[in-house]
Amino acid sequence: MHQPTPFSTRTAAQQPTGITPLQQQLNIIESGSGSDEDVSEACLALMEDPNFSPAVFLKAATSLHGKTQPETREESPQWNLITMMAESLVSNAENNPA
């Protein structure tokens, strides 16, 4: 009987070399080309990543902001999610200074 590939092996094989899962999530957010679901999953994955840095997320969000038109941002559920996450991170940083 065929043994299923262990999850860790399968995941590692699918990732381009040199790109961490964290970077992959940031790329999804920064590209602005993922579906709403992709962006939601990327944001959630980032929040759960122990190496996550709010500054890195804000940089990706700022980059996306510069690439999108104001009208597009107003109508985009993705953009609303990214904005809410950014506001939450800023608020947390202000309330819990390092």
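Once the Cα-Cα distance is subtracted from the 0.36 nm per residue extended length, the LYS67 to ALA45 segment shows a gain of 5.6 nm. Here the translational diffusion coefficient of segment 19-95 follows from Stokes-Einstein with Rh set to the Kirkwood radius across Cα pairs; for 37 °C and 0.692 mPa s it amounts to 264 µm²/s.
Ranked by the mean number of other Cβ atoms within 10 Å of their residues, highest first, the peptides 23-30, 34-41, 70-77 come out as 23-30, 34-41, 70-77.
None of the figures in this text is laboratory data; all of them are computed from the coordinates on show. All values reported here derive from a predicted model rather than from experimental measurement. No Cβ is skipped: glycine too gets one built from the backbone with ideal geometry, and neighbour counts run over all protein chains shown.
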